[in-house]
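Please treat every number below as a calculation from the coordinates, not as lab data. Note that the structure is predicted; figures quoted are calculated from it, not measured. Cβ coordinates were reconstructed from backbone atoms using ideal geometry, including for glycine residues, and neighbour counts include every protein chain displayed.
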Amino acid sequence: MSLSTLLLILLAGGLVAWFSERINKDLPRWVSLATIVLALLYLLAMVNGLEVGSFSVVPDPTSGDSWLIHSRQEWIPRFGISFELAMDGLSLLLVVLTLLLGVIAVAASWVEIDFKPGLFQANILWTLAGVSGVFLAMDLFLFFLFWEVMLIPMYLLIAIWGHENKAYAAMKFFIFTQVSGLLMLLSIMLLAWKGHEVTGSYSFSYFDLLGLQVEGRLGYAMMLGFFVAFTVKLPAFPFHTWLPDAHTQAPTAGSVLLAGILLKTGAYGLLRFAIPLFPEASMSFAPVAMGLGAAGVIYGAILAFAQTDFKRLVAYSSVSHMGFVLLGLYAWNSLALQGAVMQMVAHGVSTAALFMLAGALQHRLHTRNMEAMGGLWHNMPRMGACAMFFAIASLGLPGLGNFVAEFLILLGLFKVSPWMTAIAALGLITAAIYSLWMMQLTFQGKPDDSRDLKDFGLREMTAMAGMVIALIWLGLYPQPVLELAQPVLDSLQNLLDTGPKFAGAAL
Amino acid sequence: MTVNDFQALLPLLVLAIGSTVLMLQIAFWRNIKLTSALTVLTFVAAALSCLPAAELTPRAVTPLLQADQLALLFSALFCVAGLVTTVLSVDYMAQRGDEPEEYFLLLVLSTLGACVLAYSVHLVSLLLGVELLSVALYALIAYPDKSVLPLEAAIKYLVLSGAASATMLFGFALLYAVTGALAFTELGQALAREQANNTILLVAATLIIAGLGFKLSLVPFHMWTPDVYEGAPSPVTGFLASVSKAAIFLALMRWFLESNLFQYDILVDVIGLLAIFSMLVGNLLALQQENVKRMLAYSSIAHMGYLLIVLAVAGNPENRPLAIEAAVYYLIAYTATTLAAFGLLALLSSNGNDRENVQLHDLSGLFWQRPLLACLMLVALLSLAGIPLTAGFIGKFYIFSAAVSGYHWLMLGALVIGSAIGIYYYLRVIFFMTRRPEEHHSLPTAPDGWQIRTLSCALIASILLLGTVPQPLMAYLRSIL
């Protein structure tokens, strides 16, 4: 049993799904579903085989042996590159999230795709494989490879099955992420070369490079390379402009994957790589990063309120919510980090649900314009109830996952910078405004009886119910998630015990 | 000359014999099938003959040629490239030339010129190789006699390339006047005795850089590239873009190494400057193109710029081994990729009318009608853009590591900016290929025989293998460099 088999299952499943389209047009989605479930079961079996106590061991960040699962095979010895995969609590959490949202994505596009359904499902599975690879790769070369390659199936999803303005959106998405990726590649190469200068041999392994501690101007520049790559993906203000276009034009499954898991790779990268590899530089940069986070929270919320397009509204709300993640990560204390991890999971679920709703609306009404909607609750009560639930989850109602996340972040942040906390807390109010505004425009208002609309069926309700339960569980009993992530966060915090450095006492 | 000398030159001899046989065959019986089969046979035999030749390396055969592993590696590569070009040309030329047989003869001769360049350690053999390569190319470019465009391109290439050769030759003459040496090693020794600020040497260097810069289409000597690439028949364009560039670059690199031209800082700086300009200008101009061939022409300018970084990095002896290794890997990756990209264009234009089907909209919907060909183009474009899992990425990775090892910030900056721009125009082609069927007109028909399928699969496999399992080639390169 190994992590590479997990990735292989998804990759091979993609191929099978692609070719199964020749037999029957309905077969690919079943293949896809079966593959993801198989991968999930495989992961569970693997985790099940671990000792119970190993989940609470604080992993040693400089050696893979103390991690839950760790495997390493030589790949390109010329440059010290190996096929190194490792999993700790954080990766486990995110891979499980990835696979579960994969199921949602397949369910969301169950009947939507007529054109080449096999290739469509293959691209979904390959995206999942790429994202899982990003969460598991511990060799920086391999990480970069997954980071870049996962974009190609995503690009194809948008470019082939997207809506009216897909060319522009797909291109913008790909270019933003690739160009920022080039900066990261440069930083990775510089880091490996620094390691070469110190030890005399190349290595791209995370465990080797972590102790390198490149400081000074070069370290700062390299940290920026990573930071830009990750914040473009996150996305943080001012690198967010690709997101609304990509989300709006992507097919439903694409939006679900994009918002649910692709954005999380950015947050994961910051937490796993950017900050621990360059602790000093990151902490002196923290005020700027947090400034961007706070700006994103407010700016995203204001723009969300200005939208008439359902998907664009949700996309801008993502910018706002991801600002919280950035704030939490750079506050760099236990509470805030826990909040950031929580936010990654909770936002993944709630946004995936909102995009699924948006997709369902577009499928029925052939428009995303909220001004053309109104009173839909009357036509589709089940859908309305679901929308209401996820709208208030996203605005941070206590008792649901997003509240726990944002509360923890604000609590942790307050110790570091009360002013930032004050600004970010405004985000909670603005979230309430745009979420309720969205509900008002779409599901409330004057009903229109002339519309003949089909309410959510069994398949959609099952998917929705799963996500409702997840959010309630995260809101009422978040302890398992916190416990899973805590040892990892402890180990990362051991790497640098200083907090962010604010110039003077101004903030 | 001993038997061993002949054995070391085997690839060159096989190509020479092959061209003679072809000439005789054409004189007695015109038959394109037989000619193309003989050409394929010649290339296969020449490529295989590198194996026995490799047993005797390194060996200086006459002062002109040096048979070493590098020369043989590239000879084999050029023969394989010639083979690919032959397979691509059969349908294409059968439609476009009245008497297409001599085309293959010229192709063999051109490949012979490239192989001579791979062996070359002397200014005379350098010139001979360049001329043999180019003169055959003039005729190859002009070969399709049913339209004006190839003729225009050939005249343009003939005049400009002739001028460049003359410039280069004059530079050689000046070098000889000062040093009295023509062999690379002796030239290096003689140069070391001269004062660096010798005006004649400066003029010679300028002339030679201009000449070679033209052949490699470096900015600012690049003006001919898009027109010639566009006008030339697509299989020849692929050959021109891959083999001719790689051969000349290889000879240039060898010259730099053997004569230790790196001792002149100004030369290294000029190379760096040319690299930066080529990367930026090539990529910027490629943005505007609606014609895929012109786009690839500009992108080839940029790729030569990426390669030149390596020469600038090699100025520092500590980083030289890495830089050379990077250059060789990049050349191999680039050759495979370029052949694949132009190969697709050649196939799409095979069923001849006057115009070649190389506009962007000619490719729309290709993905749904000819998945294999579209995959070929997809892999080639991703490789050119330097996306992981392809040969081009490992090549770019090498260039990055070489540039990083010397902390060449300016070049790294240009490399990042250039690659970033490149992503856009490569991606645009992919987007056109994935357009839905209903949005476009009917596609040009392309030949679909087993040869084409095998060739496409082989090219895809080689690009992906070079990108995913690079270790064997890397280890081999380290052992021979």
Touching a residue at least 40 places away in the same chain (Cβ under 8 Å), among the aromatic types (Phe, Trp, Tyr) and touching an Asp or Glu at 6+ places or on another chain (Cβ under 6 Å): which single residue out of B:Phe184, B:Phe221, B:Phe262, B:Phe239 fits that description? B:Phe184
How about region A:355-382: which of its residues are on the phi > 0 side of the Ramachandran plot and out of contact with any Gly (no Cβ under 7 Å at 6 or more places or on another chain)? A:His366
Listed by range, helices (runs of 4 or more DSSP H) wholly within region B:21-110 having at least 1 residues that are of a type in the set (Phe, Trp, Tyr) are B:32-48, B:69-96
Within region A:35-55, can one find any residue that is touching a residue at least 40 places away in the same chain (Cβ under 8 Å), more than 20 Å from A:Gly130 (Cβ to Cβ), among the aromatic types (Phe, Trp, Tyr) and surrounded by 14 or more Cβ atoms within 10 Å (Cβ to Cβ)? yes
With the structure loaded, tell me whether A:Ser255 is within 14 Å of chain B (Cβ to nearest Cβ), small (Gly, Ala, Ser) and either buried (at least 22 other Cβ atoms within 10 Å of the Cβ) or over 30 Å from A:Leu471 (Cβ atoms) (or both) or whether it fails that test. no
Picking from A:Ser54, A:Ser66, which residue would you name as being under 17 Å from A:Gly211 (Cβ atoms), away from chain B (no Cβ under 14 Å) and polar (S, T, N, Q)? A:Ser66
Report yes if some residue within region A:227-242 is under 25 Å from B:His408 (Cα atoms), surrounded by fewer than 24 Cβ atoms within 10 Å (Cβ to Cβ) and touching a residue at least 40 places away in the same chain (Cβ under 8 Å); otherwise report no. yes
Do we find that B:Arg320 is of a type in the set (Lys, Arg), assigned to a helix (DSSP H, G or I) and touching a Phe, Trp or Tyr at 6+ places or on another chain (Cβ under 7 Å) in this structure? no
Filtered residues of region A:185-209 (kept if aliphatic (A, V, I, L, M) and surrounded by 18 or more Cβ atoms within 10 Å (Cβ to Cβ)): A:Leu185, A:Leu186, A:Ile188, A:Met189, A:Leu190, A:Leu191, A:Ala192, A:Leu209
Pair list, Cβ < 6 Å and 6+ apart or interchain, from region A:332-357 residues that are among the aromatic types (Phe, Trp, Tyr) to residues that are not in a helix (DSSP H, G or I): A:Trp332/A:Gly499
Residue by residue through region B:289-317, note down the ones that are polar (S, T, N, Q) and either out of contact with any Phe, Trp or Tyr (no Cβ under 9 Å at 6 or more places or on another chain) or part of a helix (DSSP H, G or I) (or both). B:Asn291, B:Ser299, B:Ser300
Pairs please, first residue from region B:314-326 and under 14 Å from A:Trp193 (Cβ atoms), second anywhere and crowded, with 22+ Cβ neighbours inside 10 Å and among the aromatic types (Phe, Trp, Tyr), Cβ atoms under 7 Å, 6+ apart in sequence or on different chains. B:Ala326/B:Tyr398
Unmet criterion (only one of (1) over 19 Å from the mean Cα position of the chain (by Cα); (2) closer than 19 Å to A:Leu271 by Cα; (3) more than 11 Å from chain B (Cβ to nearest Cβ); (4) not basic (Lys, Arg)) for A:Ile113: (2)
Checking the condition surrounded by fewer than 20 Cβ atoms within 10 Å (Cβ to Cβ) and away from chain B (no Cβ under 14 Å), which residue from A:Asp88, A:Asp26 passes? A:Asp26
When you scan region A:21-29, do you find a residue that is within 20 Å of A:Gly133 (Cβ to Cβ) and either assigned to a helix (DSSP H, G or I) or basic (Lys, Arg) (or both), even just one? no
Are any residues in region B:356-377 within 12 Å of chain A (Cβ to nearest Cβ) and in a loop (DSSP other than H, G, I, E, B), and if so, which ones? B:Ser364, B:Gly365
Within region A:62-105, the residues that are of a type in the set (S, T, N, Q) and either within 14 Å of the chain's Cα centre (by Cα) or closer than 30 Å to A:Ala358 by Cα (or both) are A:Ser91, A:Thr98
By residue number, the members of region A:82-96 that are over 18 Å from A:Leu270 (Cα atoms) and in a helix (DSSP H, G or I) are A:Val96
Would a scan of region A:445-452 turn up a residue that is at negative phi, in contact (Cβ under 8 Å) with a residue 24 or more places away in the chain and either part of a helix (DSSP H, G or I) or of a type in the set (Gly, Ala, Ser) (or both)? no
Lone unmet requirement of (1) within 25 Å of the chain's Cα centre (by Cα); (2) loosely packed, with under 15 Cβ neighbours inside 10 Å; (3) among the acidic types (Asp, Glu) for B:Glu194: (1)
The lone condition A:Ala12 fails out of (1) within 14 Å of another protein chain (Cβ to nearest Cβ); (2) outside any loop (DSSP other than H, G, I, E, B) is (1)
Filter region B:398-441 for residues that are more than 21 Å from B:Val292 (Cβ to Cβ) and either facing chain A (nearest Cβ under 8 Å) or hydroxyl-bearing (Ser, Thr, Tyr) (or both) and give the result. B:Tyr398, B:Phe400, B:Ser401, B:Val404, B:Ser405, B:Tyr407, B:Leu412, B:Val416
